[in-house]
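Throughout, read-outs are computed from the coordinates displayed, never taken from laboratory work. Worth saying up front: this structure is predicted, and the values here are computed from it rather than measured. We place every Cβ from the backbone using ideal geometry, glycine too, and count neighbours over all the protein chains shown.
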Amino acid sequence: MTVTVSMNVNGKEVRADVENRTLLVHYLREHLRLTGTHIGCDTSQCGACVVHVNGESVKSCTLLAVQAEGAEVLTVEGLAEGDTLHPMQEAFRQNHGLQCGFCTPGMLMSALDLVKNNPAPTDREVREWLEGNLCRCTGYQNIVKSIIAGAANMRETR
Amino acid sequence: MYDFTYHRPASLAEALNLLAEAEDPKIVAGGMTLLPTMKQRLAQPSDLIDLGGLGDMRGVNRDGDAFVVGAMTRHVEVAANPELLAQLPALAELAEMIGDPQVRNRGTMGGSVANADPAADYPAAVVGLNATVTTNQRSIAADDFFVDLFETALEEDEIITSIRFPIVPRAAYMKFPNPASRYAMVGVMVADTAGGIRVAVTGAGPSVFRVAEMEAALGEDFSPEAVAGIRIPDDGLNEDIHASAEYRAHLVTVMAKRAVLAVQARAAG
């Protein structure tokens with residue numbers, strides 16, 4: 001059974017016919033070809049698929065596309081401005097915040113939701129916040145460092 | 001995931017009609033359990049009735065000596081509610097311990113309570129704080145609500161609309177989370193309610209339960225020492241790859257002690 005969904009993704013109005021059962025992550029990746037959002041575990045645990053829906057981080061593998069009807073969706077592709085990386089992305093680059101990079105889009109989107117409410121998180125707060133984001137390279141030290149640095153970058157550029 | 005018909009009713013009445021008419025419907029609130037279950041093909045509803053559009057079932061409101069939490073209130077909203085943090089912090093703190101930030105951004109109190117997962121956190125709050133579950137038909141006392149593993153007193157045509165939590169002078173929730181999922185291996189709510197001390201345990205058995213012996217001991221002497229020597233029987237407790245029944249029984253005592261300590265620490269400021 002199909003349904004027409006329309007939403008705003010990274011500032012662009014999009015509209016498509018999808019199956020009722022289409023997950024938001026599949027819609028983003030397969031219909032919109034926004035493959036920056038990853039599918040890691042498919043059991044709602046790893047956080048590689050984290051995107052923002054109406055400004056809040058959610059796991060896009062645990063949300064139907066039809067449930068995001070009318071929503072504003074932000075994916076990792078919506079962060080950089082042209083060739084200029086978002087300050088959080090830049091911090092991940094500077095601090096070696098990624099190894100294989102698979103978890104990185106989810107880490108970035110999760111981090112930005114943290115910084116939205118907590119512009120200067122502590123090491124402990126970052127670690128607690130990342131409960132729902134797994135890095136199989138176990139690169140957490142530098143991910144935490146990157147997020148703290150990214151938050152500082154964002155405070156400066158604000 | 002098998003296909004289904006999706007509905008997003010604009011009112012509770014419409015949701016109830018859909019529920020009555022569909023062949024094998026499921027209600028989805030936040031979907032944090034149901035969608036993963038459907039993805040694994042462990043559930044195959046003919047119709048999915050999404051309560052996401054029922055805005056009037058969302059929010060935390062003070063009503064006399066209680067807080068009434070709408071069934072569609074998300075964990076993040078309970079955890080961050082300033083009035084709850086000031087007057088019933090045990091409930092807000094429990095909500096903050098659920099899952100991870102993304103789960104708390106979607107998951108709802110009504111969904112969690114209706115699902116009655118043996119390792120969910122909210123059942124300990126509902127029973128420990130002696131809450132009342134309100135549905136479209138009636139009010140159900142906490143002690144009558146949770147029946148067994150994933151089984152509640154709810155009828156098939158019943159939808160939780162809100163849950164009423166009496167404000168208590170002191171309470172705290174402590175849990176030993178599963179390191180991967182953050183579900184409670186054991187979680188204990190200790191509360192000093194109008195009807196006496198209540199100790200509610202989630203995660204340990206098929207359904208949330210109270211520990212009368214601990215309640216009596218804490219009624220006499222509200223201290224960690226009062227419960228330190230009380231060990232509940234292993235019989236009938238959950239056993240899985242994460243913990244044996246024996247270990248869960250042990251954790252009940254430890255978490256009860258920690259909850260009492262947390263109450264005392266809060267009182268001391």
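Key figures for this structure:
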{"item": "Share of pairwise Cα separations in region B:160-247, more than 16 Å, in percent", "result": "59 percent"}
{"item": "Relative packing of peptides B:223-233, B:71-81 - highest average C-beta neighbours within 10 Å first", "result": "B:71-81, B:223-233"}
{"item": "Helix B:12-21 vs. chain B, principal-axis angle (Cα, 0 to 90°, nearest 10)", "result": "70 degrees"}
{"item": "5 angstrom amide H check on residue A:23, placed H, neighbours 5+ away", "result": "A:65"}
{"item": "Cα-centred dipole magnitude for the protein assembly as shown, charges only on beta-carbon of K, R (+1) and D, E (-1), debye, nearest 20", "result": "1380 debye"}
{"item": "Residue B:40-residue A:85 FRET efficiency (beta carbon distance; Förster radius 35 Å; 0.05 resolution)", "result": "0.40"}
{"item": "Rg to Rh, two decimals, where chain A supplies the alpha carbon set and Rh follows Kirkwood", "result": "0.97"}
{"item": "Where labels lie 7 Å past Cα in the beta-carbon direction, separation of residue B:5 and residue A:96 in nm", "result": "5.8 nm"}
{"item": "log₁₀ of I(q)/I(0) at q = 0.23 Å⁻¹ - region B:82-137, Debye sum with one point per alpha carbon", "result": "-1.03"}
{"item": "Within region B:246-264: backbone nitrogen closer than 11 Å to the residue B:192 label point (7 Å, Cα to C-beta)", "result": "B:263-264"}
{"item": "Residue-averaged beta-carbon neighbours from other chains (10 angstrom radius) around A:61-67", "result": "6"}
{"item": "Spatially proximal aspartates and glutamates relative to residue A:59 (Cα-Cα < 13 Å; intrachain offsets below 8 disregarded)", "result": "A:42, A:113, A:131, B:100"}
{"item": "Residue with peak Gaussian network fluctuation, chain B [Cα springs, cutoff 10 Å], from B:40, B:87, B:137", "result": "B:40"}
{"item": "Stokes-Einstein translational diffusion, the protein assembly as shown - Kirkwood Rh over all Cα pairs, 1.306 mPa s, 10 °C, in µm²/s", "result": "70 µm²/s"}
{"item": "Computed over chain B: relative contact order in percent, which uses C-alpha pairs under 8 Å that are six or more apart", "result": "14 percent"}
{"item": "Sum of -39500 (n - 2.57) over DSSP H runs of 4+, divided by residues of the protein assembly as shown (222 nm, nearest 500)", "result": "-9500 deg cm²/dmol"}
{"item": "Max mean-square fluctuation residue, GNM over chain B, Cα-Cα springs under 10 Å, options B:107, B:64, B:55", "result": "B:64"}
{"item": "Under Karplus coefficients 6.51, -1.76 and 1.60, residue-wise ³J(HN,Hα) of region A:89-101 in Hz, glycine/proline x", "result": "4, 4, 5, 5, 5, 5, 9, 6, x, 9, 10, 7, x"}
{"item": "Distance from region B:37-114 to region B:153-210 (C-alpha centre basis), Å", "result": "14 Å"}
{"item": "Lys/Arg +1, Asp/Glu -1 at C-beta; region B:1-124 dipole; positive extreme among B:102, B:13, B:88", "result": "B:102"}
{"item": "Amide H partners (placed H, <5 Å) of residue A:9, local residues excluded", "result": "A:14, A:73"}
{"item": "Volume in Å³ per residue [convex hull over Cα atoms, computed for region B:1-101]", "result": "111 Å³"}
{"item": "Choice from B:240, B:221, B:47 with maximal GNM fluctuation in chain B (Cα, 10 Å cutoff)", "result": "B:240"}
{"item": "Note, ³J(HN,Hα) from phi for region A:17-31, Karplus 6.51, -1.76, 1.60, rounded to Hz, x at Gly and Pro", "result": "8, 10, 6, 3, 7, 5, 6, 4, 5, 5, 4, 5, 7, 8, 8"}
{"item": "Stokes-Einstein D for chain B, Kirkwood Rh over Cα pairs, 10 °C, 1.306 mPa s (µm²/s)", "result": "85 µm²/s"}
{"item": "Spacing of the two label points (7 Å from each Cα toward its C-beta) at residue B:20 and residue A:2, in nm", "result": "3.4 nm"}
{"item": "Shielding by partners, peptide A:41-48 (average Cβ within 10 angstrom, other chains)", "result": "4"}
{"item": "Nearest 10 degrees, 0 to 90: helix A:140-157 Cα axis against chain A principal axis", "result": "90 degrees"}
{"item": "Paramagnetic reach from residue B:210 (point 7 Å along Cα→Cβ, amide N under 13 Å) across region B:135-169", "result": "B:141-146"}
{"item": "Long-range HN-HN contacts of residue B:232 with modeled amide H, under 5 Å", "result": "B:253"}
{"item": "Order by protection proxy (mean Cβ within 10 Å, highest first), peptides B:248-261, A:13-26", "result": "B:248-261, A:13-26"}
